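Read the structure below first, then the notes.
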Amino acid sequence: MTIDFARERILTLRDKINYYNQKYYEESISEISDLEFDRLLEELIQLERSFPELQTEDSPSQRVGGAITKEFKTVFHKRPMLSLGNTYTLDEVRDFDERVRKSMLQPPVYFCEQKFDGVAISLIYKNGKLSQAVTRGDGEKGDDITNNAKTIRSLPLSLRAKEFPAEFEVRGEVYLSQEAFEALNREKEEAGEEKMANPRNTASGTLKLQDSAEVARRRLSCYVYQLLVDDQQITDHAEGIALLEKWGFPVSPTYQLCPSIEEVFAYINKWDHDRHSLPLVTDGVVIKVNDFRQREMLGFTAKSPRWAIAFKYKSESAKTRLLHVSYQVGRTGAVTPVANLQAVLLAGTTVKRASLHNANEIDRLQLHEGDMVFVEKGGEIIPKITGVEFESRSSDAKPILFPTHCPICGTRLVRSEGEAAFYCPNDNGCAPQIKGRIEHFIQRKAMEIENLGAETIELLFQEGLVKNPADLYDLQYDQVLNLNRFAEKSARNLIDAIDKSKAMPFENVLFALGIRFVGRTVAEKLARHLRSMNALMTADREALLQAPEVGEKIADSLLSYFSQADHLSMIQRLEAHGLQLKVEQKETKLLSSSLEGKTFLISGVFAGISREELSDRIQAHGGKMLSGVSGNLQYLVAGENMGPSKLEKARKLGVQIISEQELNNMINP
Ligand code: IVH
């Protein structure tokens, strides 16, 4: 393809993608399917990769991330990012109104907004392009998280409007929608990882991740609530918000101009009730004086403006009786206590159960049977018990004691050092663990075996037909037909679905095994890095630690998994059944043969490129990637922070250690 042709196609693709994106985020209209959208984006990414000189900062390809930031640059805010004074009662809001009125002649008009429970962000636009995104930090200076902010799809990377100031700043709140938060936690649960506490903390942690591709995957969102321009043409806040809307920024449609404090009260009351229908967590409302001249007259205290105040909702709480505590055993053997409650209405929904997390939580609360407890819904989706009404406890109430043995199979529970959870170690004999592993194996993100649900798994388990995932592939049509509720067609469908799953790619198989801490993302990265089950099973700790995303916890979990004979024999059986245990050779378009016959290994972190991209680049020019330092290795491409032992080993073996720049010179001499 010629560069002229590529340039034209890239421009068309960018226009199309921006158009569909805007339709989706501003008007909630999907004119094309997600799949078609992803295809356009993928084509753009590939083209920009082949023609790096055509890459631009505001290309929608930036949305999928990939850039790694080793250390976030500290940036001073042009204007400090202040905080807001808090109020908790309507009387305090009335006091605020009186203070405001005293300092001015004209009565104020208030602009009311939601108080979004996320992370504040400052966005600098130059010539209509997003040029820098900075966290609030200490208010004076924050972290430059531009790469991560670019993955927020609703934020414009370049404005489509015709007229706008050459430079302006927008402030807003980055948040994780309830939906995205729940999806992330489902993923964590599947990987046997600890779940995130609430959307706010998750959003704040996500913004500080080094790998922007992971940030993109988590799907952050943003609402903006402030426009700052130096030579101010605008005279009030409403005008600023209207401009932001016009320029395509995400503004929550819940704001309202309130010409009197009574209307402010009505706004507060309305949203106290309605906020649960919003896509994100809000924890109050913000009341701002609309007029900028009036704002100027009011001025600031040391920390916050005198022209705005936050009203915070009390986090809703209800009192009810603890009926009993039950214990669930998960696929990983973790035993989770659940409080069963007398039904009570809380924040618009009936609550019958509350999470107790682990044994420490029961100790902390000193729970007794029949206690009257307080339940609260904060940022968390599942309500939690925040306290006990000790006065109403009867003197003979028995304390709740965490079981010493598995409530299902009776095996003595164990707790490893540093972990909060107790585990049932009987992984091959404890029914919910066995069934849980099979349910995990067949799910959509793993082997995607349709026609097989929890009920059928229960049946197959009861009949002694399936005890581990490999047994599924031994199932015969007649055996299925003999099961309750199965007829010829349904039995055939099940057998076919199981058969079809053999074609699922290696990364799915790896995720399906349910190795602790190996979620979908880690499985993908491991598969791409090590490329086969064999390589993974024989990799030592050091080699595992070289894989992207793999830290000590994951490496140890993998080593422990592959050290168990029953796991190895199951994998052998999966292989014999024809499952995909290696990565299919990707058809990389050969761009040149300048690296032909040369072998490479990548290590450490690179400033502007992920290791995967670097590896793709090497292969696109004919180079071969190896998975560890060995006698066959010729070049080690070294980034920052690479392990000293690896460097040492490479030196000993006479491997040439080169930088990214030197690699590029080899490609384009
Ligand atoms: S205006 C000087 N508007 O609340 C006032 N802030 O306590 C600048 N926040 O750091 C903030 N929703 O993270 C404003 N509609 C809203 C907001 C909002 C949430 C957060 C923001 C700020 C904090 C101040």
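Since every read-out is calculated from the coordinates, none of them should be taken as a lab result. Predicted model only: the values in this text are computed from it and were never measured. Neighbour counts run over all protein chains shown; Cβ positions are idealised from the backbone, glycine included.
If the chain between N665 and S260 were fully stretched, how many nm would it gain, using 0.36 nm times the residue separation less the Cα-Cα distance? Could you put the intermediate results ahead of the total?
Values: separation 405, 0.36 × 405 = 145.80 nm, distance 6.78 nm.
139.0 nm is the gain from fully extending N665 to S260.
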Two decimals, Cα atoms only, Kirkwood Rh: what is Rg/Rh over the range 134-272?
1.02
Can I get the semi-axes of the range 196-240's equivalent ellipsoid? Compute them from the C-alpha gyration tensor as square roots of 5 times the eigenvalues, in angstrom, largest first.
32, 13, 8
Could you please state, rounded to a whole Å, how far the C-alpha centre of the range 109-171 is from the C-alpha centre of the range 414-460?
44 Å
K126 paired with E549, simple spin-label distance in nm, labels 7 Å along Cα-to-beta-carbon:
3.5 nm
Based on the alpha carbon coordinates of the chain, what radius of gyration and maximum Cα-Cα distance (Dmax) apply, in Å?
28.8, 88
Semi-axes, largest first, in whole Å: what does sqrt of 5 times each Cα gyration tensor eigenvalue give for the range 511-562?
13, 12, 11
So what's Rg/Rh here for the range 1-154, counting alpha carbon atoms and using the Kirkwood radius for Rh?
1.12
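Sorted from fewest to most neighbouring beta carbons within 10 Å, what does the list T521, T538, T301 look like?
On the way: T521 19, T538 13, T301 9.
Lowest count first: T301, T538, T521.
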Taking only the alpha-carbon positions of the range 192-318 as identical scatterers, the Debye log10 I(q)/I(0) at q = 0.11, 0.18, 0.19 Å⁻¹ comes out as -0.55, -1.24, -1.31
List the lysines whose alpha-carbon lies under 28 Å from that of K23, not counting same-chain residues fewer than 8 positions away?
K115, K126, K129, K150, K162, K246
Residues of the range 208-239 with amide N under 13 Å of a point placed 7 Å along Cα→Cβ from K445:
217-219
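Using the Kirkwood formula on the Cα atoms of the range 239-280, what hydrodynamic radius do you get, in angstrom to one decimal?
Working: mean 1/r = 0.0840 Å⁻¹.
11.9 Å is the Kirkwood radius here.
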Would you mind getting the Kirkwood hydrodynamic radius of the range 1-91 from its Cα pairs, rounded to one decimal in Å?
16.5 Å
Any chance you could get the radius of gyration and Dmax over the Cα atoms of the range 608-669, in Å?
11.6, 31
In the chain, which cysteines lack any other cysteine Cβ under 4.7 Å from their own?
C112, C222, C258
If R0 = 45 Å, then D274 and R39, at their Cβ-Cβ distance, give a FRET efficiency to the nearest 0.05 of 0.70
Amide N of the range 277-302 lying under 14 Å from the label point, which is placed 7 angstrom from the Cα of K102 along Cα→Cβ:
298
Under a 5 Å amide H to amide H cut-off, with H placed in plane at 1.01 Å, what residues pair with G387 once short-range neighbours are removed?
F374
Could you check the simple spin-label distance between E584 and L82, using points 7 Å along Cα→Cβ, in nm with one decimal?
6.0 nm
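Rounded to the nearest 0.05, what FRET efficiency do R415 and K312 have when you use their Cβ-Cβ distance and R0 = 45 Å?
Values: r = 38 Å, r/R0 = 0.84.
Once rounded, the FRET efficiency stands at 0.75.
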Please state, rounded to one decimal and in Å, the Kirkwood hydrodynamic radius that the range 329-403 gives when every pair of distinct Cα atoms enters the mean of 1/r.
13.3 Å
The range 397-482: projected area of the alpha-carbon convex hull, averaged over directions, in nm²
8.3 nm²
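For the peptides 326-332, 61-67, 618-624, 645-651, what is the packing order when you average, over each peptide's residues, the other Cβ atoms within 10 Å and list the highest mean first? Display every interim value, and only then the final one.
Values: 326-332: 17.6, 61-67: 20.9, 618-624: 19.1, 645-651: 15.6.
Top to bottom by mean Cβ count within 10 Å: 61-67, 618-624, 326-332, 645-651.
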Expressed in angstrom, Rg and Dmax over the Cα atoms of the range 257-325 are 17.1, 60
Of every Cα-Cα pair in the range 506-635, the percent that sits beyond 25 Å
28 percent
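Pop the C-beta distance of K141 and S490 into the FRET formula with R0 = 45 Å and round what comes out to the nearest 0.05. Could the numbers behind the result be given before it?
Values: r = 64 Å, r/R0 = 1.41.
Plugging the Cβ-Cβ distance into 1/(1 + (r/R0)^6) gives 0.10.
Send over the semi-axes of the range 559-608's equivalent ellipsoid, whole angstrom and largest first, taken as the square roots of 5 times the C-alpha gyration tensor eigenvalues.
On the way: eigenvalues 232, 70, 19 Å².
Ellipsoid semi-axes (Å, largest first): 34, 19, 10.
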What residues of the range 136-159 lie in the reach of a label at D15, counting those whose backbone N is under 13 Å from a point 7 Å from the Cα along Cα→Cβ?
none
Can you pull the one-decimal nm distance between simple spin-label points at E27 and N360, each 7 Å off the Cα toward Cβ?
5.1 nm
Expected sort for 478-485, 400-407 on mean C-beta neighbours within 10 Å, highest first, is 400-407, 478-485
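Compute the relative contact order of the chain as a whole-number percentage, counting only Cα pairs closer than 8 Å that sit 6 or more residues apart in sequence.
On the way: 1152 pairs, mean separation 70.9, N = 669.
Once divided by the residue count of the chain, the mean separation gives 11 percent.
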